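Asks: Take this structure first; my questions come after.
Please treat every number below as a calculation from the coordinates, not as lab data. Please read all numbers here as calculations on a predicted model, not as lab measurements. Neighbour counts are summed over all protein chains in view; Cβ atoms, including those assigned to glycine, are modelled from backbone coordinates with ideal geometry.
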Amino acid sequence: MTAPSYTNIQAGAQDLVVKNITLDQGVQVGANDVTFENVDVTPSLFYTDGGGDWYYGFLIGDVTGVVIKDSTINGVEADDATAISDITASAATEFTVDSVAISNVWNGILIDSAGTQANLVDNSISNAKHGIYVTQADATDQTITGNSIFNPQNLSDGSDGDAISVPTGTAGSVVTQLQNDNHFTGVAAGKDVFVR
């Protein structure tokens with residue numbers, strides 16, 4: 001069994017800037033106002049739960065002002081990784097992902113908590129089962145624009161992966177705006193913006 005291995009940036013590191021570096025493991029962010037610029041990250045094992053291994057590139061805690069920009073996250077294809085995610089049940093997480101190239105992961109960007117606000121702008125996501133996956137959060141609280149999502153992978157049941165997935169009850173006008181504000185290539189019909 002592989003032991004968890006990741007970099008942990010804790011609360012005392014507020015206002016940290018990390019740039020021009022390659023990391024062969026993921027990063028857990030527990031400090032406000034941390035910026036990552038021109039960082040190349042390979043997701044790594046964070047924990048094992050219920051018999052499953054959980055790999056992340058960035059796992060963002062209940063913090064604000066986190067910026068990831070002009071960077072690359074490339075998963076190891078044998079691992080079901082999430083490139084960027086908030087921590088489940090976060091109360092008020094806020095982060096920006098700008099001009100990041102993400103590939104070969106299960107989830108490109110996962111917004112998993114109701115209180116999270118994400119600004120996802122001009123990113124490139126390829127070979128992910130779910131490009132951008134909004135689970136508990138309100139899609140209207142997110143800025144999702146200018147993203148290019150290519151060739152989603154098939155899900156484990158053989159069905160088509162999706163480019164952007166939003167919760168049931170998301171207004172049709174929000175779905176249309178997401179369709180108009182982002183770019184899709186090689187995405188199955190009805191899976192550009194998929195309402196679960």
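Asks: Just add up the charged neighbours of Ala89: K/R +1, D/E -1, any other residue whose Cβ is under 13 Å from the Cβ of Ala89.
Replies: Around Ala89, the surrounding residues sum to -3.
Asks: Another question, then. Return a whole-number percent for the relative contact order of the chain, with Cα pairs under 8 Å and 6 or more residues apart as the contact set.
Replies: 13 percent
Asks: Could you give the spread of the C-alpha atoms of the chain along their three principal axes, from largest to smallest, in whole angstroms?
Replies: 44, 34, 31
Asks: How large is the Kirkwood hydrodynamic radius of the stretch 50-164, counting all unique pairs of alpha carbons, in Å?
Replies: That comes to 13.9 Å for the stretch 50-164.
Asks: Further question: 222 nm [θ] for the chain, helices only, -39500 (n - 2.57) per DSSP H run of 4+, per residue, to 500?
Replies: -1500 deg cm²/dmol, from helical runs alone.
Asks: Next question. Name the long-range amide H neighbours of Ile149: under 5 Å, sequence gap of 5 or more, or other chain; modelled H, no Pro or chain starts.
Replies: Ile125, His183, Phe184, Thr185
Asks: I've got another one for you. Of the listed peptides 89-101, 14-26, 151-163, what is their order by residue-averaged count of other C-beta atoms within 10 Å, with the highest listed first?
Replies: Listed from highest to lowest mean packing, they are 89-101, 151-163, 14-26.
Asks: Treating the beta-carbon of each Lys and Arg as +1 and of each Asp and Glu as -1, no other charges, what is the dipole magnitude of the stretch 13-110 about its Cα centre, to the nearest 20 debye?
Replies: 100 debye
Asks: Only Lys, Arg, Asp and Glu count, each charged at its Cβ (+1, +1, -1, -1), so figure out the dipole size of the chain about its Cα centre, rounded to 20 debye.
Replies: Roughly 180 debye, rounded to the nearest 20.
Asks: Which one, Ile125, Ile144, Ile109, has the greatest fluctuation when you compute a Gaussian network model over the chain with C-alpha springs under 10 angstrom?
Replies: Top of the fluctuation ranking is Ile144.
Asks: Determine the gain in length on full extension of the stretch Ala89-Gln153; use 0.36 nm per residue of separation and subtract their C-alpha separation, reporting nm with one decimal.
Replies: In short, 20.3 nm is gained.
Asks: I'd like the distance between the alpha-carbon centres of the stretch 96-152 and the stretch 1-72, rounded to an integer number of Å.
Replies: About 16 Å separates the Cα centre of the stretch 96-152 from the one of the stretch 1-72.
Asks: Another one. Considering amide H positions built from the backbone, and no H for Pro or chain starts, which residues 5 or more places from Leu16, or on another chain, come under 5 Å of its amide H?
Replies: Here Thr35 satisfy the definition.
Asks: If you wrap a convex hull around the alpha carbons of the stretch 118-167, what volume per residue comes out, as a whole number of Å³?
Replies: 68 Å³
Asks: Step through the residues of the stretch 57-62 one at a time and calculate ³J(HN,Hα) from phi using the Karplus curve (6.51 cos²θ - 1.76 cosθ + 1.60, θ = phi - 60°), rounding each to whole Hz and writing x for Gly and Pro.
Replies: Values per residue, Gly and Pro as x: x, 10, 10, 9, x, 7 Hz.
Asks: Cβ under 10 Å from Val66's Cβ, Val66 left aside: what net charge do those residues give with Lys, Arg +1 and Asp, Glu -1?
Replies: Taking every other residue near Val66 into account, the sum is -3.
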